[in-house]
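Undergrad: Dropping a structure here in structure tokens format, bear with me for questions.
The values are calculated or read from the model by the stated rules, or taken from the named source; none is laboratory data. Please read these numbers as outputs of a predicted model, since none were measured by experiment. Because the Cβ atoms are built from the backbone with ideal geometry, glycine has one as well, and the counts that use them run over all protein chains shown. Just the protein is used for accessible areas: all its heavy atoms, side chains included, with ligands, DNA and RNA removed. Shrake-Rupley method; radii C 1.70, N 1.55, O 1.52, S 1.80 Å.
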Amino acid sequence: MENIIKAKIYRYNPDRDKEPYFQDYEVPIDRRVTVHELLNIIHRDIDGTLAFRTYKCYKGSCSLCVVKLNGKVVKSCSTPLNPGEEITIEPAGGGEVIRDLVVDFNAM
């Protein structure tokens with residue numbers, strides 16, 4: 001059975017956008033996925049312009065994939081999502097947003 005995750009994702013391209021905004025996505029999934037997997041599905045199948053860190057340790061050890069999920073900082077590679085969820089994803093705080101969910105960790 002196919003289900004949908006409704007994701008509201010922070011978008012900002014300083015070369016094009018005057019202000020950050022949120023974009024809504026309805027992502028069909030057929031199983032439990034991590035936040036990172038969801039971002040990959042969106043990038044691959046829905047919107048190839050979405051920028052996020054693509055580190056794939058899947059162990060939750062490097063912390064380079066951190067994002068805010070519903071206001072809480074999480075490691076996207078190891079944070080599971082369930083079909084039917086409605087979520088908001090933003091860049092992790094503390095650094096300058098380079099683009100979308102990519103933060104300059106050197107500025108932290």
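Undergrad: Under a 1.4 Å probe, what is the accessible area of the chain per residue, stated in Å²? Could you put the intermediate results ahead of the total?
TA: Values: 6230 Å² over 108 residues.
Normalised by residue count, the accessible surface of the chain is 58 Å².
Undergrad: What distance in nm separates the simple spin-label points at residue 78 and residue 8, each placed 7 Å from Cα in the Cβ direction?
TA: Distance between label points: 2.9 nm.
Undergrad: Still on this model: Taking the simple approach of a point 7 Å from Cα along Cα-to-Cβ for both residue 63 and residue 87, what is their distance in nm?
TA: Placing both labels 7 Å along Cα→Cβ, they lie 2.0 nm apart.
Undergrad: Output the antiparallel fraction of DSSP beta bridges having both residues in the chain, as a percent to the nearest 5.
TA: Antiparallel bridges: around 85 percent, rounded to the nearest 5.
Undergrad: Per DSSP helix of 4 or more residues, -39500 (n - 2.57); summed, then divided by the residues of the chain. What does that give at 222 nm, rounded to the nearest 500?
TA: -1500 deg cm²/dmol
Undergrad: Along the three principal axes, how long is the chain when you take its alpha carbons, biggest first, rounded to the nearest angstrom?
TA: Largest to smallest, the principal-axis extents are 43, 32, 23 Å.
Undergrad: Check which residues have an amide H placed less than 5 Å from residue 87's amide H, if you skip close sequence neighbours.
TA: When sequence neighbours closer than 5 places are left aside, the close amide H contacts are 6, 7, 8.
Undergrad: Can I ask one more? What aspartates and glutamates sit close enough to residue 6 to cross-link, taking a C-alpha to C-alpha distance under 13 Å and skipping anything fewer than 8 places away on the same chain?
TA: 24, 26, 85, 86
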